[in-house]
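Participant: Could you have a look at this structure, given as structure tokens, before my questions?
The values are calculated or read from the model by the stated rules, or taken from the named source; none is laboratory data. What you see is a predicted model; the values in this text were computed from it and never measured. Cβ: placed from backbone, ideal geometry, glycine included. Neighbour counts: every protein chain shown. The protein model used for the area step is the full one, side chains on, heavy atoms only, and it has no ligands, DNA or RNA in it. Shrake-Rupley method; radii C 1.70, N 1.55, O 1.52, S 1.80 Å.
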Amino acid sequence: MSMIRVRFEPSGLEVDAEPGEAIMDITDANPAADVPYSCRAATCGTCRVEVVEGVDALSTADEVELEVLDIFGDSPDRVRLCCQTKLVGGAVAQVTLKVCDD
Amino acid sequence: MTTEASGEEKIEYDPIYDPFNPELIADPYPFYERLRDEHPVHYNERMDFYVLSRYDDIFRALRKPQIFSSAQGLTPAKDEISQLGIPPTFIMMDPPDHTRLRRLITKAFTPDTVKALEPTIRQFVIDHVEAMKRKAADGEEVDLIKAIASPLPTMVVANILGVPPEDREKFDPWSDGITSASADFALDIQQAIGAVQGLVTYFGAMCQSRRANPTDDMISKLTQAEIDGDTLTDWDILGFCFVMIAGGNDTTTNLIGNSMKFLHEYPDQHRELLADPSLIPNAIEEFLRIESVVQGLSRTTKEDVELHGTTIPAGSKVHNLYASGNRDPRHWGDNADQLDIHREIDRHLSFAQGPHFCIGAHVARMMIRIYFEEMGSRIGENFEIDWDRSERRQSAFTRGFTKIPIRIKA
């Protein structure tokens, strides 16, 4: 299985990860990614990140996540919750996630 | 209830949800059941607020801050923010302002930071459980609340804020003052004023000292934090301190007390927990569900809301009864009123839902897990609580005990 390079901004940390891995597991193992979490269960919206590139390498947002994104007026092709998102296999080799400003 | 409206005229007035009704304070659950079944959108005319009591309605309201705002305060009272005279707190804000501030404080609650607290918490619990055992060996009766349930979260909050041990004697009374006032949601404002003043002076000085010489505590991190190039003022940071103290103290104390009461009422489940500590985490979620220590919090509507055939006008206070939603059979099934430590719990309401989900939830869970682990391994079933002499907190807004006399058997 080919690895996916995940870059976190603004920290600049890059991690190689396998399809199937949860973004939250990656950031827990790499605190330098500096993604803020709170509820860790798709309710508070603290871990929202902008998908700068690689949206096709991310799992589809479910209804619970969509509801939280809606609070902030975000759409899932642009913003995701790190606590809900996993990497999926495919052609995309690079994902960049930027912690939202608000 | 009948009130004298004037010298001669009497007005019949019977709100189902009256937070000052002693019967409701003693046992709110029959009132909640009636609200859910007969008046899912209840209007308290005298105090001018609405009440939601069904799980789905509350869940949706909490996850719609665009409509149900926190910016006018969290109690049914309309003018609470101006009355309180406290620093601005992020629990009384909406996104995006709330989100910016919340992101900062989450840095004090990362998994690593929380994990790092575990040894300190465990040692504290061990010391206090052993102290209870020693007193018991001398034949002394102990109050579980004073002996451990209350000091534990106070220590943890002080630790997170960075209050050094030598200052804890000063800190504890302010903490008590703010906690007891907030337990009744500032219905007795005077009680909090002295505590607020003490806290403002102390933490104001601490902010200045941490700005000059930062350490690794939360206040240092907040003094160094930047949002869009702006730093937080001391007054902003005091708001954080206030939220930590008001939100982090009695909540855990009450959770411990309530859990002990349920284990007394369900001795088989207590024995199961003692035999298999791996059941503790799910049991904690069930304790949280069955008796929400914060019985409910309010929001203010930003537009007209139609619900169950009633229009809640824009600008109305809406009180969300978490404790009622947590026992709504429509969501939890017919045994919603019963403790079941094996229950599959998706999302209870006790930490709220949505952007204001309790920021300290993971620390609270860890505190009570360690409490049960150490009580279980060190005392097990060898204790008796005199529930007839226990005392409940007299509040419709928080539920818990102020005194639990416990005897530990040799």
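Participant: Within 10 Å of each Cβ of B:390-400, how many other protein chain Cβ atoms are there on average? Write down the numbers at each step before the final one.
Facilitator: Values: counts 0, 0, 0, 0, 0, 0, 0, 0, 0, 0, 0.
That average works out to 0.
Participant: Tell me, Kirkwood radius of the range A:1-71 from alpha-carbon pair distances, in Å? It would help to have the intermediate numbers written out before the result.
Facilitator: Details: mean 1/r = 0.0761 Å⁻¹.
Result for the range A:1-71, one decimal place: 13.1 Å.
Participant: Another question, if that's okay. Straight-line reach from B:K135: which lysines have Cα under 24 Å away, leaving out those fewer than 8 places along the same chain?
Facilitator: B:K146, B:K261, B:K403, B:K409
Participant: Along Cα→Cβ, 7 Å out, is where each label goes; now give me the distance between the ones at B:R168 and B:H342 in nm to one decimal.
Facilitator: In this crude spin-label approximation the distance works out to 4.0 nm.
Participant: Still on this structure, I have one more. What's the FRET efficiency of A:S11 with A:S75 using the Cβ-Cβ distance as r and R₀ = 22 Å, to the nearest 0.05?
Facilitator: Numbers: r = 24 Å, r/R0 = 1.11.
That pair, A:S11 with A:S75, gives E of 0.35.
Participant: Residue by residue through the range B:19-27, what is 3J(HN,Hα) from phi via Karplus (6.51 cos²θ - 1.76 cosθ + 1.60, θ = phi - 60°)? Round to whole Hz and write x for glycine and proline.
Facilitator: Listing the rounded values in order: x, 9, 6, x, 5, 5, 5, 5, 8 Hz.
Participant: Hey, what did chain B get for relative contact order, percent, Cα under 8 Å, at least 6 apart? Numbers along the way, then the final one.
Facilitator: Values: 631 pairs, mean separation 103.6, N = 410.
25 percent.
Participant: Sticking with this structure for a sec: Which residues' amide hydrogens lie under 5 Å from the amide hydrogen of A:L58, considering only partners 5 or more residues apart or on another chain, with H built in the peptide plane?
Facilitator: Sorted by chain and number, the residues that satisfy this are A:V88.
Participant: Percentage of Cα-Cα pair distances in the range B:349-392 greater than 16 Å, rounded to whole percent? Walk me through the numbers before you get to the answer.
Facilitator: Details: 573 of 946 pairs.
Above the 16 Å cut-off, the range B:349-392 has 61 percent of its Cα pairs.
Participant: Amide H neighbours of A:D74 under 5 Å, counting only residues 5+ apart in sequence or on other chains, H built in-plane at 1.01 Å?
Facilitator: none
Participant: On to the next question. Between the range B:198-228 and the range B:341-374, what is the C-alpha centre distance in whole Å?
Facilitator: 28
Participant: For peptide A:20-31, compute the average count of partner chain beta-carbon atoms within 10 Å of each residue's beta-carbon. Each step should come with its number before you reach the end.
Facilitator: Details: counts 0, 0, 0, 0, 1, 0, 0, 2, 3, 0, 0, 4.
If you average over the peptide's residues, the count of other-chain Cβ atoms is 1.
Participant: If you don't mind, there's one more thing I want to ask. As a test of the formula, what do you get for the protein assembly as shown when each DSSP H run with n ≥ 4 contributes -39,500 (n - 2.57) and the sum is divided by the residue count, at 222 nm and rounded to the nearest 500 deg cm²/dmol? Could the numbers behind the result be given before it?
Facilitator: On the way: 19 runs with 216 residues, N = 512.
Per the formula, -13000 deg cm²/dmol.
Participant: Compute the length gained on full extension between B:Q123 and B:K107: take 0.36 nm times their separation in residues and subtract their Cα-Cα distance, giving the result in nm to one decimal.
Facilitator: Working: separation 16, 0.36 × 16 = 5.76 nm, distance 2.40 nm.
Going from the current span to full extension adds 3.4 nm.
Participant: Classify the range B:23-154 from the C-alpha gyration tensor, please: rounded if a/c falls under 1.5, else prolate or oblate depending on whether a/b exceeds b/c. Mind showing how you got there, number by number?
Facilitator: Working: a/c = 2.40, a/b = 1.43, b/c = 1.68.
In terms of gyration-tensor shape, oblate.
Participant: A further question follows. What average number of partner chain Cβ atoms lie no more than 10 Å from the Cβ of the residues making up A:67-77?
Facilitator: Details: counts 5, 4, 0, 3, 9, 6, 3, 0, 0, 0, 0.
Averaged over the peptide's residues, the number is 3.
Participant: Now, a different point. Mind checking the per residue accessible area of the range B:270-342 for me, 1.4 Å probe, whole number of Å²? Walk me through the numbers on the way to the answer.
Facilitator: Working: 2710 Å² over 73 residues.
Heavy-atom SASA per residue in the range B:270-342 reads 37 Å².
Participant: How do A:89-98, B:281-290, B:253-262 rank on mean C-beta neighbours within 10 Å, highest first?
Facilitator: Working: A:89-98: 15.8, B:281-290: 20.9, B:253-262: 23.7.
Descending mean neighbour count gives B:253-262, B:281-290, A:89-98.
Participant: Just order B:68-74, A:59-65 by mean Cβ neighbour count inside 10 Å, highest at the front, would you? Don't skip to the end; give the middle numbers.
Facilitator: Numbers: B:68-74: 21.7, A:59-65: 14.1.
Averaged packing, sorted descending, gives the order B:68-74, A:59-65.
Participant: Sort B:330-341, B:145-156 by packing, meaning the average of other beta carbons within 10 Å per residue, with the highest value first. Intermediate values should be presented prior to the final figure.
Facilitator: Values: B:330-341: 15.2, B:145-156: 21.6.
Packing proxy ranking, top to bottom: B:145-156, B:330-341.
Participant: What figure in square angstrom, to the nearest 10, would you give for the accessible area of B:I91 with a 1.4 Å probe?
Facilitator: Surface accessible to solvent at B:I91 totals approximately 60 Å².
Participant: Going by amide H atoms built from the backbone, whose H comes under 5 Å of the H on B:L307, apart from near neighbours?
Facilitator: Answer set, sorted by chain and number: B:I312.
Participant: Rounded if a/c is under 1.5, else prolate if a/b beats b/c, else oblate: with a ≥ b ≥ c from the C-alpha gyration tensor eigenvalues square-rooted, which is the range B:235-346? Intermediate values should be presented prior to the final figure.
Facilitator: Numbers: a/c = 3.20, a/b = 1.43, b/c = 2.24.
Since a/c reaches 1.5 but b/c is at least a/b, the shape of the range B:235-346 is classed as oblate.
Participant: Follow-up question, since we're still on this one. Local charge sum around A:G89 (other residues, Cβ-Cβ under 15 Å, Lys/Arg +1, Asp/Glu -1)? Kindly include the intermediate steps, with their values, before the conclusion.
Facilitator: Working: positive: A:R5, A:K86; negative: A:D16, A:E18, A:E21, A:D56.
Net charge around A:G89: -2.
Participant: Rounded if a/c is under 1.5, else prolate if a/b is larger than b/c, else oblate: which is the protein assembly as shown, with a ≥ b ≥ c the root eigenvalues of its Cα gyration tensor?
Facilitator: Values: a/c = 1.40, a/b = 1.18, b/c = 1.18.
Rounded, because the longest to shortest axis ratio a/c is under 1.5.
Participant: Using protein chains only and a probe of 1.4 angstrom, how many square angstrom of B:Y43 are accessible, to the nearest 10?
Facilitator: Approximately 90 Å² for this residue.
Participant: Say each of A:D56 and B:Y266 gets a label point 7 Å from the Cα, pointing the same way as Cα to Cβ; how far apart are those two points in nm?
Facilitator: With each label placed 7 Å out from Cα toward Cβ, I get 5.0 nm.
Participant: Across bins of 20 angstrom width beginning at 0, how are the C-alpha pair distances of chain B distributed, in whole percent?
Facilitator: 26, 58, 16, 0
Participant: Give me a comma-separated list of calculated 3J(HN,Hα) values for the range B:348-353, in order, Karplus coefficients 6.51, -1.76, 1.60 applied at θ = phi - 60°, integers in Hz, x for any Gly or Pro.
Facilitator: These are the phi-based 3J(HN,Hα) values: 7, 9, 5, 9, 6, 9 Hz.
Participant: Further question: Hey, which lysines would be in cross-link range of B:K115, C-alpha to C-alpha under 25 Å, not counting anything within fewer than 8 residues on its own chain?
Facilitator: Those lysines meeting the cut-off are A:K86, B:K107, B:K221.
Participant: A further question on this structure: Given the protein chains as shown and a 1.4 Å probe, how many square angstrom of B:H342 are accessible, to the nearest 10?
Facilitator: 100
Participant: Do any cysteines of chain A lack a neighbour Cys whose Cβ is under 4.7 Å away, and which are they?
Facilitator: Result for chain A is A:C83, A:C100, no neighbouring Cys Cβ within the cutoff.
Participant: Starting from the Kirkwood Rh over alpha-carbon pairs, what translational D in µm² s⁻¹ does the range B:210-300 have by Stokes-Einstein at 4 °C and 1.567 mPa s? Provide the component values of the computation, followed by the final result.
Facilitator: Working: Rh = 16.5 Å.
Translational D for this selection: 78 µm²/s.
Participant: Please give every one of the lysines within straight-line cross-link reach of B:K64, meaning a C-alpha to C-alpha distance under 23 Å, and leave out same-chain neighbours fewer than 8 residues apart.
Facilitator: B:K78, B:K302, B:K317
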